Amino acid sequence: MTYQSIEVRKVTPVIGAEILGVDLSKPLGNQTFQEIHDAWMENQVIFFRDQEITHDQHKDFGRRFGELHWHPAVRPQIADHPEILVIHADEKSKRVAGEDWHSDVSCDAEPPMGSILYLKEIPPDGGGDTLFASGYAAFDALSAPMQRFLESLTAFHDGEHVYRGRYGYDDTGKNYPRSEHPVVRTHPVTGRKALFVNRGFTTRIAQLKKAESDAVLDMLYRHVETPEFQCRFKWRPNSIAFWDNRCAQHHALWDYYPHRRHGYRVTIRGDKPYYRA
Ligand code: SIN
């Protein structure tokens, strides 16, 4: 892929690229937007450095790609910006967002297409990297019989065990989403097939007995986490990571306790996952 208005530097041959020559505080021209979109599709997660953006500019960038998503569990955290999720950890934290490998809110019937995380504060002694794994690479590396087997299956993704009681308010009586999605998902833009089960949300393969499902899911979670399918992003203040939840999973490392890490996530709505042979 060639680019005219941006520079794209791959982080690994498999997943991840840094985008240079873009100031996201300024409106994006159509060509620049298209090239960012193409780079995102090509690399599954893209990174920007040294961006100074407001909450409105953050949301405007997200809206170029689609409608913004509202989190099913988190109550609005920033006045006038209910769509923005605060990502925060410090010495009082008991847990942090995204510690297990996952794709965001995959329990939704229409899980988010993408997420744009903007970090302002980074732990002073390093740590707090985010790992990304390619669902395409994971699917492509499986044997043909295993690919055919998985293509025939669906799995349940559940928000209950992830979100119940997690966000510091009484959520008695609240129902969290639970959805059934294909185990192998066809990406609606690239047409490529990606493994679409994750350790965070996926609880059961619908067509298998529980013991069979547990064994297959465990094998797939380990497989997705293969280092060769991954890239690792080292944050600096004012960096942005923009990942495609349809074909990539991520894992936020919490190796910096008791230090602070702080930023904001805008999430873009997606469509119902499908498999097309
Ligand atoms: C998330 O899953 O959105 C959190 C990712 C991170 O903090 O690196």
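Computed from the coordinates by the stated procedures, all read-outs in this text should not be read as laboratory data. Here the structure is a predicted model, which is why all the values come from computation and not from measurement. Note: ideal-geometry Cβ built from the backbone for every residue, glycine included; neighbour counts use all protein chains shown.
Each other residue within a Cβ distance under 12 Å of H37 adds +1 if Lys or Arg and -1 if Asp or Glu, for a net charge of -3. The average projected area of the range 112-214, computed from the convex hull of its Cα atoms over all directions, is 10.0 nm². Taking every alpha-carbon pair in the range 169-215 and binning the separations at 5 Å intervals from zero gives 5, 16, 19, 19, 16, 12, 9, 4, 1 percent. Once C-alpha pairs closer than 8 Å and six or more residues apart are averaged by separation and normalised to the residue number of the chain, the relative contact order reads 34 percent. In the chain, the convex hull through the Cα atoms has an average projected area of 14.8 nm², a quarter of its surface area. Protection proxy ranking, highest mean first, for peptides 94-101, 81-88, 266-273: 266-273, 81-88, 94-101, where packing is the per-residue count of other beta-carbon atoms within 10 Å, averaged. Maximal additional length on extending the A109-K272 stretch stands at 58.1 nm, based on 0.36 nm per residue less the C-alpha distance.
Let me check I've understood the local charge: for F132, count other residues with C-beta under 15 angstrom from its C-beta, Lys and Arg +1, Asp and Glu -1. What total comes out? Before the final figure, lay out the partial values.
Numbers: positive: K10, R199, R232, K234, R246, R265; negative: E18, E42, E99, D100, D104, D129, E225, E228, D244.
Residues near F132 contribute -3 overall.
Taking 11 Å as the cut-off, the amide N atoms of the range 105-141 that come nearer than this to a point 7 Å along the Cα-to-beta-carbon line of R232 belong to 127-132.
Give me the percent of Cα-Cα pairs in the range 42-179 that sit more than 25 Å apart, rounded to a whole number. Each step should come with its number before you reach the end.
Values: 3788 of 9453 pairs.
It works out to 40 percent of all Cα pairs.
For the range 122-277, what does the relative contact order come out to in percent, with C-alpha contacts under 8 Å and a separation of six or more? Over the range 122-277, the number comes to 42 percent. Our coupling estimate for the range 113-130, obtained by passing each phi through the Karplus curve with A = 6.51, B = -1.76, C = 1.60 and θ = phi - 60°, is 5, x, 9, 10, 9, 10, 9, 9, 10, 10, x, x, 9, x, x, x, 5, 10 Hz, Gly and Pro reported as x.
Find the relative contact order for the range 94-202 and round it to a whole percent, using C-alpha pairs within less than 8 Å whose residues are 6+ positions apart. Spell out each step's value before the answer.
Numbers: 126 pairs, mean separation 40.6, N = 109.
Here the relative contact order equals 37 percent.
Mean silhouette area of the range 1-63, derived from the convex hull of its C-alpha atoms and averaged over all directions, reads 4.2 nm².
Cβ under 9 Å from R261's Cβ, R261 left aside: what net charge do those residues give with Lys, Arg +1 and Asp, Glu -1?
Details: positive: R260; negative: D90, E121.
Charge balance in the 9 Å sphere: -1.
Considering all C-alpha pairs of the range 142-190, those separated by over 16 Å amount to 59%.
Shown for the range 22-100 is the translational diffusion coefficient from the Stokes-Einstein equation, using the Kirkwood radius over Cα pairs, a temperature of 10 °C and a viscosity of 1.306 mPa s: 107 µm²/s. For Q207 and S93, the FRET efficiency from 1/(1 + (r/R0)^6), where r spans their Cβ atoms and R0 equals 45 Å, is about 0.70. In a DSSP loop and with at most 13 other Cβ atoms within 10 Å, the chymotrypsin sites (Phe, Trp or Tyr not before Pro) in the range 157-199 are Y167, Y169. Dividing the alpha-carbon radius of gyration of the range 184-273 by the rule-of-thumb value 2.2 N^0.38 Å gives 1.31. Given +1 at the Cβ of Lys and Arg, -1 at the Cβ of Asp and Glu and no other charges, the dipole of the chain around its Cα centre is 400 debye to the nearest 20. Using the charge dipole of the range 78-213 (Lys, Arg: +1 at Cβ; Asp, Glu: -1 at Cβ; taken about the Cα centre), state which of T130, Q147, V86 has its Cα farthest towards the positive end. It is Q147, whose Cα lies furthest towards the positive end.
Amide H contacts under 5 Å for K120: N238, H262, G263, Y264, restricted to partners 5 or more places along the chain or on a different chain, H placed in the peptide plane at 1.01 Å from N.
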